[in-house]
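Single-structure report; data block below.
The values are calculated or read from the model by the stated rules, or taken from the named source; none is laboratory data. Keep in mind that this is a model prediction, so the values were computed, not measured. Here the Cβ positions follow ideal geometry from the backbone for every residue, glycine too, while neighbour counts run over all protein chains shown.
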Amino acid sequence: MDNEAPALSIARLRSVWDAEVGPSARRALTAAACAGLFGAAHVARVGSPLARGLAGAGLALLLAAIAARAILVRRRRGDARRTVREIIGRTDEALGAATLRALTLADRAAADDRVGSPELAGLHLRRLLGRASQARVVERARQAATRWASAGLALGAAALAAAAIEPSRVVEGLDVLAARRGEAPLDLPWIEEVEMTAAPPEYLHQGAEELLPFAPTMQPRGTVITVRGRPVRAGRALVLTDGGAEVPFVDDGKGSVVARWTLGESTTLQAAARFGQVRVRQADAQRVVSIPDDAPRVTLEGAPRTVKLLDEPSIPLRYEITDDHGLREVDLVLRAGAKEERRVLSRPAADAKVDRGGYELRARDPFFRRTYVPVEVRIEARDNDPIEGPKWGRSEAILVVPPQVGEPEARRYAALVKARDALTDLLADRIGQRTPEAGGAAAHAAHEAEVQATAKAAVEAALAADHGGLRVRGRIASLARGQLARLDAALGAERKSTTRAAHQELLDETEGALLAFDAGLRGLGHRDARAVAQRLADVADEAAAAAELLGNGDREGGEVRLEAAVAVLGGGGVELGKLGELGLDLGEIVANDLRRIARARGASDWLHAELAARDLAARLRRPEPSFGGGGRGGVESGAPRGPDPGDASNADESVAQSERDLEELARDHAAETNAVAEELSRASRPEDIAALREEAKKHAEAIREAVRDLPQPGAAPGSAESAAAAGREQAEAMAGALEQGRPEEAVTSGRGAMRSLGDAKRLGAQAGGFFPEERAAREAGEAQQALAEELAWAEEALRKLRQAAAERARDGLGKSSQREGSLADRARDLRKRGERGDGRMPEEMLDRLDEAEQAMRDAQRALAEGDGEVGNERQRDAQRLLEMSRSEDQGQDGDAESEGDRNMARKADIPDKDKHKGPEEFRRRVLEGLGGTSEPRLREAVKRYAEGLLK
C-alpha cells in the first residue's frame, strides 16, 4: 500500500466504507421513500385542497432530499480531503489530521517547487495512508451501516403499518392525490351485486321495471332510476353521479346501499366515492336515454285557411288532440294584434290521451265586435307533464278577416232597401190597377194576391237573412211583420168586396204600409249610423294616440298603429255613407278629416295629424246631422237633437212607443204578481202551520206504514216494481213534507205517488202472470187505497189553510184585484193600438197580448172572490205571456249603444227604502224553492246550502 498512489489508496478506503454502509443506506432511503409515499397517500385521501397540497409538498420534499443525498454522495467520492476526514479522521483523529496536512503539502509541492520535493511529499502522504487501519475503517463503517439499518427498519415498519392498516386506502389516497379538476384518473370498484329498477313518473300510470345493470336503456323523462348494491369497502361516501350532479347512496339496513336518480336529460350514470372535493368513479357505467314528454298534437279541421266573416258568419271549429301521456286543458285562443282571449273548451280526465270536440264562432261574437283587424283562431292544448312543467301544443291557424266597421249594418240596410223597393213596386202596381168588372173579379183578386205574395217574399227574405252576422231584429222586425199583417188584412177585405171603394182602401193601406216601412228603415239607418259612428270614434282615438307616439319620436310603434287606424277609418267611412242620410253626412265628415290627417302625415306634422284625429273622434261621438232641414238646425248650427216634423209616417216612433208601453206593462204586472204572493205569504200564520204539524205527524206515520212493503228503488225501468218504488219514494216525500208543515209540497208529492202507484197496477196487470210484477201491482193497489185517504186529508187541510189565509188577506186581495183590472185594461188598449195603422203589431204578438189580457181578467175575478192562490197562478200565466209578447231581442236593431239613450230616458219610480222588499222577497223564494226538495233525507241539507248561498 506504501507504493500505491495516494488517490488509489483514498479510493480504496471509500470503497471499503461504501461496501459496508451503502446497502443499509439504500434500504433505509427506500423505506423512507415508501413511508413518505404511504403517508402522503393517507393525508391526500382527505380530499381537501389543503390536505392534497400538504401531501404533495411532503412527498416532493422527500424525493428532493433523496435526490440531493445521491448528488452529495457522488460528489464526496471525488473529494479526497472529505474522504480522509470522514473515514480516517473518524477512526484515528491524529492520523486523519496528519494525513490532511500531508495531502495539503503534496498539493502545494506539486504546484510550487519552492515548497519542497513533490516526490518526498508524496512519499510522506503514502506512508500516512499506509498507517490507516482497514480493519478499524470496516468496523467504523459497520457501525454506520447499523445505524442506517436501524433507521431503515423503523421507516420500513412505518411504511408497512401505513399499508397494512388498509392497503386500498393507499391506492385511494394516491388516486386522489393525482386527481385533476376534482376527478381521479384511476377508476376503482365501489359496489357489487348491483340491481337496478326504473319507475316511470306517476302521471304515466305505468309500473316499475327491472333493468339489466350497466346495459343501455331508454326511459321516460322523470323516471326514477333506483341503483342498489353491496359496498366493496365500508366507510366510503358513495354517490351516484352523471359527472356533474350526484345523489348519495344510503344504507338500506340490510347491508346494501341504495340511490335514486330522477331522470332529466339523457345521461350516463356511474357509482363513485367522494373524498372531500375529489370524486373517484367506478368503471361500470349505465347509459340512460331520456324520452321527453312531447307537446300535444293539435289538429284543427280546415286549418290553415283564411275566412271572411261576411261570407261565413258562422265558423265551425272541429278539432282532435292527441298526447303521448295525458291532456289537462283545451283552449280556444283568439288573437288580434296585441289582444288575446282564451276560452276553455274542455278539461279532459287525467289519463285522457285523445280529445275531440267542436265549437262554433259566430260573427256576433264579442271578440269580433271589438276587433277591426284580422283575428288568428287556434286550438291550444296543455298536457299534464309535472316534470318539466305543462307544455302547450297548438294547431294551425284559421285567419278570420272581420268586416269593415259598419259593413254588416250597411248590408242589412241595403237588403231592407230592396224590401222597401218591393213594397214600392206593389204600390205602383195597385195604383195602375182599375176596379174590375164583375166578370174579372177573380182574375183581379188572383193578381193582387200574386203581387202581394211577391212583395211579402222579398220582405221575409230580408228579415230572415244573415247579413254578415247581423240579423233583422227588434223594432224594425216587429214593424215589418206588423205591416205585412196589415197588408194581409187589407187584401182579405178587398176579396170580400171588389168595389172601387174596397180597392181604394187596399191602395191606402198599401201606401200606409210602405210609408211605415220606410219610416222604420230610416229610423234603423239613423240608429245604425249613430252606433257605427261611435265605434269609428274609438278608432279615431287610436289614430290620435298613434300620431302622438310619432310626435314623440316612436316611429316603429306609431307608424303601424296609425296606418291600421287610418285604413279602418277609411273603410268604415265608406260603409257609414251607405246608412241613410245621417250615415252619408257622417261618412263625408270621415272622408274630409282623413284628408286632413293625410296632409299632416305627408308633411310629418304629427301634432296637426293628432288634432285632426281627435276632432274627428269628438265629432263622431256626437253623431247628429251637420245641418237640419225644414227650419231645424244641425250640429253645425248648435241646435239640439229632435224629431223630423216632416216625416210622412211616425211608424218607427209608434212601434218604439208600443215597445216601451209593453215593457212598462210587464214590469208593473210583475210587481203586482209579487205583491199578491207576498200578501198571501203574510196572511199565512205560523200558529196554523204548527197546529197542522202535530196532526200531520200521525198521517205521515200512516203513509209510511202504507208503503212499507213496496219495493225499494233499483228495479228495471218500465216495470211494475220500478213504478211501485217511485210511488214509495214520492209517498215518503209526502210524509216528510207533512211533518215539516209544508202541505202544498205534500199534496204535490202525494198526487205524484198516486200516479206512480196507478202505473204499477197497470204494468202488473200486463205482466202475464209473472209473479214479482203481480205482487208489486197488488201491493201498489193496497198502498194506493190507503194513500188516497191521506191525500184527501192533506188536500182538505191545505184548502182550509188557504181559505183562512185568503180570509185574512181579503182586503189586500180586493185592492190587488182592482189593480189587476187596470193592468188588463192597459193590455187591451195596447192590443187595440197594435191592430191598426202604422203601429201594427205582428199577429203572434197580438194573440199573446189577448191571451195575457184574458189571464189578467181571470186573475182579477179570482182575487175579487178572495181566491189568492188561483189568482196568483193566473197572474203568473199572464206575466209569462207578456214576456213572450215582447219582440225577439226587442230594442236591439243595432248595437247596444243605439238604444242606450232611449233606455236612460225612460221614467222609473225609485222605491222608498222602507218599502223595498226585493232582497227579502228574493231570499224567501230561493229558500222555499231550494229548501222544498221532495227528498226528505236531503231537504235540510239543501236548505242549509241555500242559506249559505244567501249570506
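The selection criterion, being under 34 Å from the mean Cα position of the chain (by Cα) and either touching a residue at least 12 places away in the same chain (Cβ under 8 Å) or not in a loop (DSSP other than H, G, I, E, B) (or both), does not hold for Val566.
Condition check ((1) assigned by TED's automatic domain parsing to the domain that holds Val84; (2) acidic (Asp, Glu); (3) at pLDDT 75 or above; (4) part of a helix (DSSP H, G or I)) across all residues:
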| site | (1), (2), (3), (4) |
| --- | --- |
| Asp113 | yes, yes, no, no |
| Val137 | yes, no, no, yes |
| Arg147 | yes, no, yes, yes |
| Leu155 | yes, no, no, yes |
| Ala161 | yes, no, no, yes |
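Conditions tested, residue by residue: (1) surrounded by 17 or more Cβ atoms within 10 Å (Cβ to Cβ); (2) over 30 Å from Thr262 (Cβ atoms).
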position: Leu327; (1), (2): yes, no
position: Val354; (1), (2): no, no
position: Gly358; (1), (2): no, yes
position: Tyr372; (1), (2): yes, yes
position: Val377; (1), (2): yes, yes
position: Arg382; (1), (2): yes, no
position: Trp392; (1), (2): no, no
position: Ser395; (1), (2): yes, yes
position: Pro402; (1), (2): yes, yes
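Quick grid of which residues meet (1) within 23 Å of Gln143 (Cα to Cα); (2) modelled with pLDDT of 75 or more; (3) crowded, with 18+ Cβ neighbours inside 10 Å:
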{"site": "Ala7", "(1), (2), (3)": "no, no, no"}
{"site": "Leu13", "(1), (2), (3)": "yes, no, yes"}
{"site": "Thr30", "(1), (2), (3)": "yes, yes, no"}
{"site": "Leu37", "(1), (2), (3)": "no, yes, yes"}
{"site": "Ala44", "(1), (2), (3)": "no, yes, yes"}
{"site": "Leu72", "(1), (2), (3)": "yes, yes, no"}
{"site": "Asp79", "(1), (2), (3)": "yes, no, no"}
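One residue alone among Gly573, Gly583, Gly553 is assigned to a loop (DSSP other than H, G, I, E, B) and either more than 36 Å from the chain's Cα centre (by Cα) or not assigned by TED's automatic domain parsing to the domain that holds Arg370 (or both), and that residue is Gly553. Among the candidates Thr498, Thr510, the residue that is of a type outside the set (Phe, Trp, Tyr), out of contact with any Cys (no Cβ under 7 Å at 6 or more places or on another chain) and in a loop (DSSP other than H, G, I, E, B) is uniquely Thr498. When Leu491, Leu536 are checked against the criterion of being hydrophobic (A, V, I, L, M, F, W, C), in a helix (DSSP H, G or I) and crowded, with 22+ Cβ neighbours inside 10 Å, Leu536 stands alone in meeting it. When you check Thr217 against the structure, is it of a type in the set (Ser, Thr, Tyr), more than 30 Å from Glu20 (Cα to Cα) and surrounded by 19 or more Cβ atoms within 10 Å (Cβ to Cβ), yes or no? When the stated conditions are applied, Thr217 does not pass them. Checking each residue in the stretch 25-56 for being in contact (Cβ under 8 Å) with a residue 60 or more places away in the chain, under 19 Å from Trp148 (Cβ atoms) and either among the charged types (D, E, K, R) or in contact with a strand residue (DSSP E or B) (Cβ under 9 Å, 6 or more places away or on another chain) (or both) picks out only Arg27. In the stretch 550-567 there is at least one residue that is in contact with a Phe, Trp or Tyr (Cβ under 7 Å, 6 or more places away or on another chain) and more than 19 Å from Glu407 (Cα to Cα).
Only one of the listed residues (Asp365, Asp421, Asp383, Asp351) is assigned by TED's automatic domain parsing to the domain that holds Gly525 and of a type in the set (Asp, Glu). That residue is Asp421.
Across the stretch 827-836, the number of residues qualifying as under 11 Å from Asp850 (Cα atoms) and in contact with an Asp or Glu (Cβ under 9 Å, 6 or more places away or on another chain) comes to 5.
Of everything listed in (1) more than 41 Å from the chain's Cα centre (by Cα); (2) closer than 22 Å to Gly229 by Cβ; (3) surrounded by 14 or more Cβ atoms within 10 Å (Cβ to Cβ); (4) not aliphatic (A, V, I, L, M), the single unmet condition for Asp251 is (3). Under the condition of being more than 16 Å from Gly358 (Cβ to Cβ) and modelled with pLDDT under 85, the residues counted in the stretch 302-319 number 5. Please determine, by comparing only the residues of the stretch 329-371 that are among the charged types (D, E, K, R) and more than 30 Å from Val532 (Cα to Cα), which one is modelled with the highest pLDDT. By that ranking, first place goes to Asp331. Quick check on the stretch 196-214. Is at least one of its residues under 30 Å from Phe38 (Cα atoms) and exposed (fewer than 15 other Cβ atoms within 10 Å of the Cβ)? Taking every residue of the stretch 196-214 in turn, none turns out to be under 30 Å from Phe38 (Cα atoms) and exposed (fewer than 15 other Cβ atoms within 10 Å of the Cβ).
Rundown of residues vs (1) modelled with pLDDT of 85 or more; (2) among the polar types (S, T, N, Q); (3) in a helix (DSSP H, G or I); (4) in the same structural domain as Glu795 (by TED's automatic domain parsing), yes/no style:
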{"site": "Met734", "(1), (2), (3), (4)": "yes, no, yes, yes"}
{"site": "Gly741", "(1), (2), (3), (4)": "no, no, no, yes"}
{"site": "Arg755", "(1), (2), (3), (4)": "yes, no, yes, yes"}
{"site": "Gly764", "(1), (2), (3), (4)": "no, no, yes, yes"}
{"site": "Gly769", "(1), (2), (3), (4)": "no, no, no, yes"}
{"site": "Pro772", "(1), (2), (3), (4)": "no, no, yes, yes"}
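Residues in the stretch 447-483 that are in contact (Cβ under 8 Å) with a residue 60 or more places away in the chain and assigned to a helix (DSSP H, G or I): 10 in all. For Glu265, the conditions (1) surrounded by 15 or more Cβ atoms within 10 Å (Cβ to Cβ); (2) of a type outside the set (Phe, Trp, Tyr); (3) more than 30 Å from Val373 (Cβ to Cβ); (4) touching a strand residue (DSSP E or B) at 6+ places or on another chain (Cβ under 8 Å) are fulfilled apart from (1).
Taking the stretch 21-74 as the range and being among the aliphatic types (A, V, I, L, M), assigned to a helix (DSSP H, G or I) and within 60 Å of the chain's Cα centre (by Cα) as the test, the residues that pass are Val43, Ala44, Leu50, Ala51. Among the residues making up the stretch 332-352, those that are under 30 Å from Glu542 (Cα atoms) and surrounded by 17 or more Cβ atoms within 10 Å (Cβ to Cβ) are Leu332, Val333, Leu334, Arg335, Ala336.
For the stretch 181-199, enumerate the residues that are in contact (Cβ under 8 Å) with a residue 24 or more places away in the chain and outside any strand (DSSP E or B). Gly182, Ala184, Leu186, Asp187, Leu188, Pro189, Trp190, listed by residue number. Within the stretch 287-325, the residues that satisfy the criterion of being within 30 Å of Val405 (Cα to Cα), in contact with a Gly (Cβ under 7 Å, 6 or more places away or on another chain) and crowded, with 19+ Cβ neighbours inside 10 Å are Leu309, Leu310, Pro313, Leu317. Checked against (1) within 18 Å of Leu680 (Cβ to Cβ); (2) surrounded by 17 or more Cβ atoms within 10 Å (Cβ to Cβ); (3) modelled with pLDDT of 85 or more, Gly866 meets all criteria but (3).
Residue-wise test of (1) aromatic (Phe, Trp, Tyr); (2) more than 30 Å from Pro402 (Cα to Cα); (3) in contact with a Ser or Thr (Cβ under 9 Å, 6 or more places away or on another chain).
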{"site": "Gly469", "(1), (2), (3)": "no, no, yes"}
{"site": "Gly474", "(1), (2), (3)": "no, no, yes"}
{"site": "Asp488", "(1), (2), (3)": "no, yes, no"}
{"site": "Arg495", "(1), (2), (3)": "no, yes, no"}
{"site": "Glu511", "(1), (2), (3)": "no, yes, no"}
{"site": "Ala516", "(1), (2), (3)": "no, yes, yes"}
{"site": "Arg527", "(1), (2), (3)": "no, no, yes"}
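Across the stretch 731-756, the number of residues qualifying as among the β-branched types (Val, Ile, Thr) and either within 14 Å of His699 (Cβ to Cβ) or touching a Gly at 6+ places or on another chain (Cβ under 7 Å) (or both) comes to 1.
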